[in-house]
Amino acid sequence: AYAVLGQFRRRDGHGVHHRSATVSPVRLLRGTPSRRMAARRGATTLEFAMVGTVLVIVTLSVFGAGMALWVITGLQSAVGSAARCGAIGTDCATIAQTNTFARTLASSRAGSGVVATTDAVSSVSGVTTCNGFTGKFYTVSISSSWFASGALAFVAAPFNLSTITVSSCFPMP
């Protein structure tokens, strides 16, 4: 008896050969190594296609999430520095100067184009509460819609990051 990819010949008690439509796995494993390799032809390509697709998606998602966190951290740093500048009043004597300062810092720390000219940058002087504390605070906030239309649109959708708003406050003297 022998197995040939898809055919199995056997001899019954009367000397007649019969063909079976399938080959049992046990019979296939009894064959020569070349027959076993021929039975697995194309399996590696199929396995790579399945695993490779998942690997690429995971890699791009990790890269996108890291970039999104980098942008959010840069925006938070920019509004924190702008709030401090507005509260101290050295280079940011007016609200307009503070807003310009916040846009400039956001471009340098989070990346150019992150805060578009249509995105809101607001500064408020003399706020009485900030994160549960009372006193006199200078508050700066930036709303950026870069995630929805930029390079990270595929990351923004699952996390509902179409518009990200960061704010910071600094106590005034």
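In summary, Ala65 fulfils each of the numbered conditions (1) open to solvent by 50 Å² or more (accessible area, probe 1.4 Å); (2) in a helix (DSSP H, G or I); (3) modelled with pLDDT under 80 with the single exception of condition (1). The sole residue among Thr100, Thr117 that is among the hydroxyl-bearing types (Ser, Thr, Tyr), modelled with pLDDT of 85 or more and surrounded by fewer than 21 Cβ atoms within 10 Å (Cβ to Cβ) is Thr100.
Looking at the structure I just gave you, is Gly132 at pLDDT below 85 and over 16 Å from Thr165 (Cβ atoms)?
Details: at pLDDT below 85: no; over 16 Å from Thr165 (Cβ atoms): yes.
Against the criterion (at pLDDT below 85 and over 16 Å from Thr165 (Cβ atoms)), Gly132 does not qualify.
The values are calculated or read from the model by the stated rules, or taken from the named source; none is laboratory data. This one's a predicted model, so the numbers in the text were calculated from it and none came from an experiment. No Cβ is skipped: glycine too gets one built from the backbone with ideal geometry, and neighbour counts run over all protein chains shown. All accessible areas refer to the heavy atoms of the entire protein, side chains included, with ligands and DNA or RNA removed. Shrake-Rupley method; radii C 1.70, N 1.55, O 1.52, S 1.80 Å.
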